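> Sharing a structure, written as structure tokens. Questions coming.
Rule-based calculations on the coordinates, nothing more; no lab input. Being a predicted model, the structure only gives us computed values, none of them experimental. We place every Cβ from the backbone using ideal geometry, glycine too, and count neighbours over all the protein chains shown.
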Amino acid sequence: LRVNFSVIQKKKDRVEGLIAVIHDITEQELIDEERREFVANVSHELRTPLTTMRSYLEALAEGAWKDEQIAPQFLNVTQTETERMIRLVNDLLQLSKLDSKDYRFNRDWINFTAFFNRIIDRFEMTKEQHITFNRLLPDESLYVEIDTDKITQVLDNIISNALKYSPEGGEITFRVEIQDKYLVISVRDQGVGIPKDSVDKIFDRFYRVDKARSRKLGGTGLGLAIAKEMINAHDGDIWAKSTDGMGTTIFFTLPYEEDQEDDWT
Ligand code: ADP
């Protein structure tokens, strides 16, 4: 049910009545609405790079191509926009695959601490900013059954966001803890943070706190939505905690059985 209230007010300080309109929304209608919104979002996301490209190509066609300084810059913009569209379409294809019920995961038993360390190593080797990495990972082997490609993608997304939104000289803390029957994995940064009312929305498709900024950094707004689908498919959960201006922590869980070694011998 959805209820919309309207206030009847003829004079400024006198409320004369209230109208409540109750809509009975069926599940199908909700799905249809979501789908329409999704298509509108996709169209908008594609139109933006396309219109940018059109203006730059027009300028080139009208003579900018002759200018040795300007022409390479304009071509560069069209290249960047094309790359973004390719990323967007790839992300969309991946989401649509994840949405289809018969999607298959290739699960292997792996030692999560070693796996996580390798991913952090890769970022540590290639990071360009001065950012300190702290690893609070247990020494022991923690075996989980996961699709390593998918969880690599989840971690890549979370860690590259942490780097994207971190200030020069900041710290990123990686942690793995065992809680009940789960591993709780977290990545904490000291970056810009997320406003309180947006924290839960960052896992929604196309949601971005600062659209212009995300675009500038090459984002599609789908990374965390894909991460959420992948973690849910592993029977885990994903969420964020953040204080605006004081950094963000992204958490996710993976099912884990503590005394599994017994089964191996
Ligand atoms: P994007 O392609 O925009 O990075 P994501 O789905 O990865 O899309 O993230 C969605 C939004 O969540 C981002 O646009 C940003 O506003 C916010 N966000 C994600 N991670 C962080 C972080 N570590 N610090 C601050 N904001 C973040």
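> At 10 °C and 1.306 mPa s, what whole-number value in µm²/s does Stokes-Einstein give for the translational diffusion of segment 73-149, with Rh from the Kirkwood sum over Cα pairs?
For these conditions, the coefficient is 98 µm²/s.
> When all alpha-carbon pairs of segment 16-144 are counted, what percent fall beyond 19 Å?
Here the tail beyond 19 Å accounts for 75 percent of pairs.
> Can I ask one more? To one decimal place, what orientation-averaged projected area in nm² is obtained for the convex hull of the Cα set of segment 10-83?
That works out to 10.9 nm², a quarter of the Cα hull's surface.
> Rank by packing, highest mean first: peptides 7-14, 162-169, with packing defined as the count of other Cβ atoms within 10 Å averaged across residues.
The most tightly packed comes first, giving 162-169, 7-14.
> Something else about it: How large is ³J(HN,Hα), in whole Hz, for each residue of segment 163-173 in order, when computed from phi with the Karplus curve 6.51 cos²θ - 1.76 cosθ + 1.60 and θ = phi - 60°, using x for Gly and Pro?
5, 4, 9, 8, x, 4, x, x, 10, 10, 10
> What does DSSP give for the chain in terms of the percent of beta bridges that are antiparallel, rounded to the nearest 5?
The antiparallel fraction comes to roughly 85 percent.
> A further question on this structure: Given H placed on each backbone N at 1.01 Å, which residues far from residue 237 in sequence or on other chains put an amide H within less than 5 Å of it?
Correct list: 253.
> Rounded to the nearest 500, what is the 222 nm mean residue ellipticity of the chain from helices alone, with -39500 (n - 2.57) per DSSP H run of 4+ residues and division by all residues?
Helix-only estimate at 222 nm: -15000 deg cm²/dmol.
> Checking the a/c ratio against 1.5 first, then a/b against b/c, what shape does the Cα gyration tensor give for segment 105-177?
Cα axes put segment 105-177 in the prolate bin.
> Here is a follow-up. What do the square roots of 5 times the Cα gyration tensor eigenvalues come to for segment 169-265, in whole Å, largest first, as semi-axes of the equivalent ellipsoid?
29, 16, 11
> Along the charge dipole of segment 21-127, Cβ charges K/R +1 and D/E -1, which of 105, 50, 90 sits furthest on the positive end?
105
> Quick one: divide the alpha-carbon radius of gyration of segment 89-220 by 2.2 N^0.38 Å and tell me what you get.
1.14
> Can you compute the radius of gyration and Dmax for the chain, using only the Cα atoms, both in Å?
For the chain, the Cα-based Rg and Dmax read 23.3, 81 Å.
> Residue by residue through segment 86-98, what is 3J(HN,Hα) from phi via Karplus (6.51 cos²θ - 1.76 cosθ + 1.60, θ = phi - 60°)? Round to whole Hz and write x for glycine and proline.
Going residue by residue, I get 4, 4, 4, 5, 4, 4, 5, 4, 5, 4, 5, 5, 5 Hz, with x marking Gly and Pro.
> Still on this structure: Can you tell which of 56, 143, 182 shows the greatest fluctuation in a Gaussian network model of the chain with Cα springs below 10 Å?
Result: 56 has the largest fluctuation of those listed.
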